[in-house]
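The values are calculated or read from the model by the stated rules, or taken from the named source; none is laboratory data. Source: prediction; values computed, not measured. Positions of Cβ are generated from backbone atoms using ideal geometry, with glycine treated the same way; all protein chains shown enter the neighbour counts. Ligands, DNA and RNA are excluded from the accessible area calculation, which covers all protein heavy atoms including side chains. Shrake-Rupley method; radii C 1.70, N 1.55, O 1.52, S 1.80 Å.
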Amino acid sequence: MSRRAVAPTVLPIVRLGHPALRTPARTLSTAELATPETQALIDDMLETMVDADGVGLAAPQVGEELQLFVYGVEADPEDDIENGAEGRAAIPQQAVINPMLDPEGGELVYDWEGCLSIPGLRGLVPRHQAVRLRGLDRAGRPIDRRVEGFEARIVQHEFDHLNGVIFLDRMRDLQSLTYAEEAEEHLDERDASTPGPGPGFAG
Ligand code: NI
């Protein structure tokens, strides 16, 4: 029999106010990770992330207080041209379980972020340029690798979700906090030296 009889489901994404977003998530045992239920949850989370146009999604965002997040980026050249953003390399869809992050030293890098649990808002968030990511993949195999740039930003955002931390907590101040839709309407009034949120990301 197949691992799963039905296609992945788009799950409801909880929004700020749901206690799971402010509760540290618990670790998963390797036995639990191997269950059809957890494997189905991973499939559903990937489906939910893509459906919501996100690049990452953490289990607490679907109300599951587990140390688990998924991420992945599809290259979208059209979007990049429209928004004047630099081309973004695709990142394969993957899951990370029981993650640990060790930031590399150096200056923090600012860029726009959004969150699927805080729809519509974008803000400038400082993050480490590179981190060492450890944990397990969905098959229970160890992950230990360096991630940098956009991928490092996604991983730091999703890791925060497992500890009850959201991107607003990481903003140095709230001056840049912006509704993406509102900013879109004022593109032509903006000084080119202060670019607003482009495609940004939501995770
Ligand atoms: Ni988020």
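Quick rundown of the values:
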{"item": "Top-ranked residue in the stretch 157-203 [being at pLDDT 95 or above and among the β-branched types (Val, Ile, Thr); ranked as least open to solvent (accessible area, probe 1.4 Å)]", "result": "166"}
{"item": "Near pairs, Cβ below 8 angstrom, 6+ apart or cross-chain, from the stretch 175-203 (within 27 Å of residue 73 (Cα to Cα) and within 16 Å of the ligand (Cβ to nearest atom)) to any residue that is of a type in the set (S, T, N, Q) and at pLDDT below 75", "result": "199/83"}
{"item": "Qualifying positions in the stretch 111-145 - surrounded by fewer than 17 Cβ atoms within 10 Å (Cβ to Cβ) and small (Gly, Ala, Ser)", "result": "120, 139, 140"}
{"item": "One residue from 84, 63, 72, 56 being over 20 Å from residue 134 (Cα atoms) and either modelled with pLDDT of 95 or more or within 16 Å of the ligand (Cβ to nearest atom) (or both)", "result": "63"}
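Let's see how each residue does on (1) over 23 Å from residue 168 (Cβ atoms); (2) among the acidic types (Asp, Glu); (3) touching an Asp or Glu at 6+ places or on another chain (Cβ under 8 Å); (4) part of a helix (DSSP H, G or I):
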{"position": "32", "(1), (2), (3), (4)": "yes, yes, no, yes"}
{"position": "37", "(1), (2), (3), (4)": "yes, yes, no, yes"}
{"position": "42", "(1), (2), (3), (4)": "yes, no, no, yes"}
{"position": "47", "(1), (2), (3), (4)": "yes, yes, no, yes"}
{"position": "54", "(1), (2), (3), (4)": "no, no, no, no"}
{"position": "71", "(1), (2), (3), (4)": "no, no, yes, no"}
{"position": "75", "(1), (2), (3), (4)": "yes, no, no, no"}
